[in-house]
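Scroll down for the structure; my scribbles are underneath it.
Derivation of every value follows stated rules applied to the coordinates shown; laboratory data play no part. Please read these numbers as outputs of a predicted model, since none were measured by experiment. Note that we place each Cβ from the backbone using ideal geometry, even for glycine, and neighbour counts take in every protein chain shown.
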Amino acid sequence: MIYLQLFLSFFEIGLFTFGGGYAMISLIREKALAFGWLTEEELLNMIAVSESTPGPIAVNMATFVGSAQGGILGSLLATLGVVLPSFLIILLISALIRNFLKYKGVQAFLGGVRPCVVALILATAVTMLLSTLLGMKTISGGFAPDVIGIIILAILIAISLIFKKIQKKKPSPILMILVSAGLGMLLYSL
């Protein structure tokens with residue numbers, strides 16, 4: 001039963017989400033919490049791990065949730081579920097329409113979907129900010145800021161600004177992940 005539930009849930013997420021992995025985070029969060037697959041804290045940790053490991057974040061998250069719930073078979077089915085809709089849709093589009101993006105209807109559809117994708121990504125970012133750095137799990141819940149997390153964020157922002165000023169470009173995301181990991185190990189161990 002869990003295997004079918006994992007496959008169908010992630011298939012639904014893959015089928016109805018436009019905008020890539022970041023847009024899927026809110027739907028994965030909704031399903032994982034609704035089915036009791038993960039707690040809010042486990043989900044936030046999983047997002048951090050999925051973001052910092054190679055590969056698309058939605059695939060990494062599906063694999064993690066599937067593995068946590070159903071072992072290797074669960075991870076395979078959840079991952080298959082999240083990628084299968086995109087694969088089938090792209091396969092269909094490439095087989096039927098040569099210059100798909102030149103059609104006005106397609107352009108209008110994508111123009112309408114873009115604001116929704118931005119809203120989903122922004123909502124996820126705000127939720128993660130409130131939960132992770134400010135300790136707000138619910139609207140009526142308390143306020144328990146993570147001082148070390150806020151310090152790490154401030155240091156990363158400062159590094160980014162200094163890097164842009166000196167190098168005239170953004171720092172490498174890999175560098176920022178490594179710096180944040182190092183800061184986390186250093187500051188949280190004190």
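Rounded to the nearest 10 degrees, the angle from helix 147-167 to the longest Cα principal axis of the chain is 80 degrees. Computed across the stretch 14-79, the Kirkwood radius stands at 11.7 Å (inverse of mean 1/r, all Cα pairs). With the largest listed first and rounded to whole Å, the semi-axes of the equivalent ellipsoid of the chain from the Cα gyration tensor are 31, 24, 16. Taking trypsin sites (Lys or Arg not before Pro) as exposed when DSSP calls them loop and at most 15 other C-beta atoms lie within 10 angstrom, the chain has its longest site-free stretch at 1-97.
For the chain, what does the helix formula give at 222 nm: sum of -39500 (n - 2.57) over DSSP H segments with n ≥ 4, over the residue count, nearest 500 deg cm²/dmol? Working shown, then result.
On the way: 7 runs with 144 residues, N = 190.
Helix contribution divided over all residues of the chain: -26000 deg cm²/dmol.
Only lysines eight or more places from Lys137 in sequence, or on another chain, were considered; those with a Cα closer than 26 Å are Lys31. The length gained on full extension between Ala144 and Glu51, counted as 0.36 nm times the residue separation minus their Cα-Cα distance, comes to 31.0 nm.
Each residue, Leu88 and Met176, gets one label point 7 Å from its Cα in the Cβ direction; the gap between the two is 3.6 nm. Once the Cα atoms are used to define both axes, helix 2-16 deviates from the longest principal axis of the chain by about 80 degrees. This ranking places Met128, Met1, Met24, Met46 by how few other beta-carbon atoms lie within 10 Å of each, fewest first, which gives Met1, Met128, Met46, Met24.
Spatially, the stretch 73-136 and the stretch 1-55 are offset by 13 Å when compared through their Cα centroids.
Send over the semi-axes of the stretch 1-42's equivalent ellipsoid, whole angstrom and largest first, taken as the square roots of 5 times the C-alpha gyration tensor eigenvalues.
On the way: eigenvalues 58, 43, 7 Å².
Ellipsoid semi-axes (Å, largest first): 17, 15, 6.
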